[in-house]
Amino acid sequence: MDKFLEVLEHEFHLPLGNPVLVFSLILFIILIAPHLFKRLNIPGVIVLIVSGIIIGPFGLGILEENAAIELFSTIGLIYIMFIAGLELDMNEFKVNKHKSLLFGIFTFVLPLSIGFPVVHYLLGYDFNTSFLTASMFATHTLLAYPVVSRLGVAKNQAIAITVGGTILTDTAVLIVLAIILGNAQEGGLTMDFWVRLVISLAIFSAIIFMVIPKVAKWFFTTMEKDQHSHYIFVLAMVFFASFLAELAGVEPIIGAFLAGLALNGLIPHSSALMNRIEFLGNSLFIPFFLISVGMLVDVSIILEGWNAIIVALTLSVVAICGKWVAAFLTQQVFSYSPTQRKMIFGLSSGHAAATLAVIMVGYEAEILDIAILNGTIILILITSIVSTLVTENAAKKMVKEEENEDLNSARNSSTFKKESILLPIANIINFDKLLEFAILVKDKASNNPVRILTVVPNNEEAELNIAQANNKLEGFVRQASASETEVKIISTIDQSISVGISRASKEHMVDLLILGWPNTSGIINRVVGSKMEKIVRSTNKTIFICHLLQPWATHKRLYVAVPPLVDQLTGFELWLKKSIRLSKELSAEMIVHCDEQTRQSIEEMIKRLNLKAPIVFNPFDDWDDFLYLAKDMHEDDVLMVVSARKTSPSYHAYFEKLPGKLDKYFKENSKIIVYPQD
């Protein structure tokens with residue numbers, strides 16, 4: 001018994017040293033703490049930071065900073081920046097890159113301009129100390145980004161420019177740090193220093209934006225079926241990019257964010273891979289980082305006298321005011337709403353990682369003193385609380401505003417009901433790509449499952465055939481569940497496949513039918529004249545017929561050919577919404593070829609439904625010269641052609657030859673033929 005008590009006392013001696021016990025304690029905090037304070041409306045981010053203060057070396061002393069905690073903390077910070085880059089709406093970012101640049105200038109220059117005279121003249125520090133401390137005010141860490149991600153408002157334009165501005169200002173500050181350290185070292189800022197810095201950053205950028213996307217595309221294509229290895233590959237690329245950033249002379253968070261941008265177009269936002277990335281980060285790594293931030297805070301600093309309190313409060317007030325002024329000016333210049341201003345301020349007011357990097361390096365180089373260091377630790381605590389509270393408040397308002405917009409859009413929509421998607425299966429080969437397409441374009445507001453339909457002949461083996469088909473399809477149900485999409489397998493018995501599909505589409509009130517392109521040799525030229533035509537004729541639903549040659553993630557652009565008068569069809573709205581959603585999911589540029597009247601109809605529909613889609617329009621009205629599209633297309637482009645039934649006002653005689661022409665002149669491209677509902 002004594003031996004047991006002795007072992008027990010050793011294991012629970014503070015600070016805890018057993019890594020299993022330490023890990024268990026942190027997991028229990030991550031699991032329990034946010035839920036305990038949820039009823040008090042205290043954000044989980046603040047709860048985790050305060051938990052770190054309590055259990056840390058300056059609190060109860062239960063844990064101490066060690067290599068394991070530092071490792072998980074670093075992974076968490078890198079994860080935050082990576083997810084920020086990955087979730088960025090690249091189409092929106094490209095359109096608003098000048099806005100991100102201007103906000104980056106505001107959020108760098110204004111805090112620096114306000115902070116330098118305060119630190120230099122009010123607190124009485126020399127030039128190097130004042131300039132480095134003021135540059136710390138310009139940094140910010142996206143501490144509250146998990147709130148934005150959790151509430152699903154990450155694609156708002158205000159958030160896109162804030163994330164873009166973050167990387168600009170943090171990069172500028174870390175380069176300033178490198179310059180000040182170079183100036184402080186013996187020899188100063190020599191030409192050799194500048195040449196080394198410029199060359200290393202150029203090589204780093206080339207690897208991130210030229211090498212990593214090509215390697216990732218090759219990997220995702222080659223290892224398409226081995227989806228578990230996709231996550232490991234992404235993780236390896238992120239940390240490799242972070243390491244390269246260190247070699248280039250900047251912080252790892254810069255490499256992580258740029259890796260997110262480089263992989264953005266290769267990881268669809270509704271994919272199973274994205275779900276795995278977010279799940280592990282939000283469940284484990286990011287909470288670890290937030291707890292570790294709390295462990296750095298020494299609240300006893302306020303007991304060291306008025307000098308420490310004055311320095312800490314001065315630094316905190318200047319940091320918050322500088323970020324608020326930058327957010328206010330951004331709102332005024334771009335006519336943003338008060339909610340968007342709050343979001344910009346909330347996201348950009350948090351200080352942690354880059355701030356600590358600047359201050360710790362400056363302290364170790366003896367440029368900064370202990371008062372600045374301690375004041376910065378208190379600043380981190382104060383700004384973390386302010387950032388989280390403001391961001392959560394703004395995000396909740398955005399959710400309500402978007403819900404109202406969605407409700408208005410639904411009321412303006414031709415169908416005010418939850419959508420339903422049906423995937424009839426004829427061949428299990430490449431069906432995973434078809435299912436992924438359904439997941440990508442599915443309306444997330446609809447709680448209807450994606451239905452996979454099997455039609456079997458009405459004979460003595462009908463029940464056996466149904467059982468065999470259901471067994472084969474179970475794997476696809478698991479594939480969909482990885483992306484949190486419900487899939488339901490349904491079966492029907494009918495002598496005619498087309499009649500069975502038509503009947504099932506009516507029974508389940510289906511809006512959208514997604515079919516696979518027949519892959520039997522020689523049949524392509526007769527698609528519209530054989531089984532497909534029977535299906536198209538037997539149901540008046542909107543139909544997407546997909547011929548998918550490579551993984552969805554590897555596609556770069558969506559080329560769309562639209563005939564005249566398609567805007568008169570009932571399915572015009574549904575086709576447009578699904579096309580825009582596919583473009584956003586793939587971060588693919590959408591290029592629409594149509595006549596002027598159709599262009600106006602598309603723009604009016606986008607405005608009415610508030611779809612916010614950056615589309616490039618090219619004039620096109622000569623369907624006899626349809627093949628001219630081929631000259632500008634690349635292998636990784638998707639070609640979508642809007643066709644029509646013979647009874648449709650948008651029908652063109654050329655549509656009879658369309659499948660054969662597509663197979664002959666666009667054989668390397670993935671293709672989609674759309675039949676909108678009449």
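The values are calculated or read from the model by the stated rules, or taken from the named source; none is laboratory data. Small disclaimer: the values here were computed from a predicted structure and weren't measured. Cβ placement follows ideal geometry from the backbone for every residue including glycine, while neighbour counts extend to all protein chains displayed.
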For the range 310-317, check the following and say yes or no: at least one residue is buried (at least 24 other Cβ atoms within 10 Å of the Cβ), farther than 30 Å from residue 589 by Cβ and touching a Phe, Trp or Tyr at 6+ places or on another chain (Cβ under 7 Å). no
Can you tell me which of 347, 258 is assigned to a helix (DSSP H, G or I), assigned by TED's automatic domain parsing to the domain that holds residue 394 and closer than 30 Å to residue 220 by Cβ? 258
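Going residue by residue through the range 240-255, is there one that turns out to be within 24 Å of residue 151 (Cα to Cα) and not polar (S, T, N, Q)?
Within the range 240-255, the first condition is being within 24 Å of residue 151 (Cα to Cα), and the residues that meet it are 253.
This time we only want the ones that are not polar (S, T, N, Q), so: 253.
Yes, some residue in the range 240-255 is within 24 Å of residue 151 (Cα to Cα) and not polar (S, T, N, Q).
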Among (1) closer than 22 Å to residue 167 by Cβ; (2) crowded, with 21+ Cβ neighbours inside 10 Å - the single one residue 119 does not satisfy: (1)
Looking at 605, 633, can you tell me which residue is among the aliphatic types (A, V, I, L, M) and within 20 Å of residue 670 (Cα to Cα)? 633
Please enumerate the residues belonging to the range 143-156 that are surrounded by fewer than 18 Cβ atoms within 10 Å (Cβ to Cβ) and more than 11 Å from the chain's Cα centre (by Cα). 150, 151
Which members of the range 45-73 meet the condition of being under 16 Å from residue 381 (Cα atoms) and over 30 Å from the mean Cα position of the chain (by Cα)? 53, 54, 55, 56, 57, 58, 59
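Does residue 57 fit the bill of being modelled with pLDDT of 85 or more, part of a loop (DSSP other than H, G, I, E, B) and surrounded by 12 or more Cβ atoms within 10 Å (Cβ to Cβ)? Can you show your working first?
Values: modelled with pLDDT of 85 or more: yes; part of a loop (DSSP other than H, G, I, E, B): yes; surrounded by 12 or more Cβ atoms within 10 Å (Cβ to Cβ): yes.
When the stated conditions are applied, residue 57 passes them.
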Residue count for the range 91-101, restricted to those that are crowded, with 20+ Cβ neighbours inside 10 Å and in a helix (DSSP H, G or I): 5
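Can you say whether residue 134 is more than 30 Å from residue 587 (Cα to Cα), over 20 Å from the mean Cα position of the chain (by Cα) and surrounded by 23 or more Cβ atoms within 10 Å (Cβ to Cβ), as far as the supplied structure shows? Walk me through it before giving the result.
Values: more than 30 Å from residue 587 (Cα to Cα): yes; over 20 Å from the mean Cα position of the chain (by Cα): yes; surrounded by 23 or more Cβ atoms within 10 Å (Cβ to Cβ): yes.
Answer is yes for this residue.
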A careful count of residues in the range 480-503 that are in contact with a strand residue (DSSP E or B) (Cβ under 8 Å, 6 or more places away or on another chain), surrounded by fewer than 18 Cβ atoms within 10 Å (Cβ to Cβ) and modelled with pLDDT under 75 gives 2
What single numbered condition from (1) charged (D, E, K, R); (2) surrounded by fewer than 18 Cβ atoms within 10 Å (Cβ to Cβ); (3) closer than 22 Å to residue 677 by Cα; (4) in contact (Cβ under 8 Å) with a residue 12 or more places away in the chain fails to hold for residue 635? (3)
Note on the range 412-429: residues at pLDDT 70 or above and in a loop (DSSP other than H, G, I, E, B) are 418, 419, 420, 425
Which listed residue is among the polar types (S, T, N, Q), out of contact with any helix residue (DSSP H, G or I) (no Cβ under 8 Å at 6 or more places or on another chain) and either farther than 30 Å from residue 393 by Cβ or assigned by TED's automatic domain parsing to the domain that holds residue 291 (or both), from 24, 51: 24
One residue is enough: does the range 124-131 have a residue meeting the conditions hydrophobic (A, V, I, L, M, F, W, C), in the same structural domain as residue 26 (by TED's automatic domain parsing), surrounded by 24 or more Cβ atoms within 10 Å (Cβ to Cβ) and over 14 Å from residue 166 (Cα atoms)? no
Given the conditions (1) touching a residue at least 40 places away in the same chain (Cβ under 8 Å); (2) closer than 24 Å to residue 534 by Cα; (3) of a type in the set (A, V, I, L, M); (4) surrounded by fewer than 19 Cβ atoms within 10 Å (Cβ to Cβ), report the number of the one that residue 653 does not fulfil. (1)
Specify which of the listed residues (211, 293, 215) is of a type in the set (Val, Ile, Thr), in the same structural domain as residue 88 (by TED's automatic domain parsing) and either buried (at least 24 other Cβ atoms within 10 Å of the Cβ) or closer than 30 Å to residue 61 by Cα (or both). 293
Name the helices (runs of 4 or more DSSP H) wholly inside the range 191-252 in which the number of residues that are at pLDDT 90 or above and closer than 15 Å to residue 553 by Cα is 1 or more. 212-222, 228-248
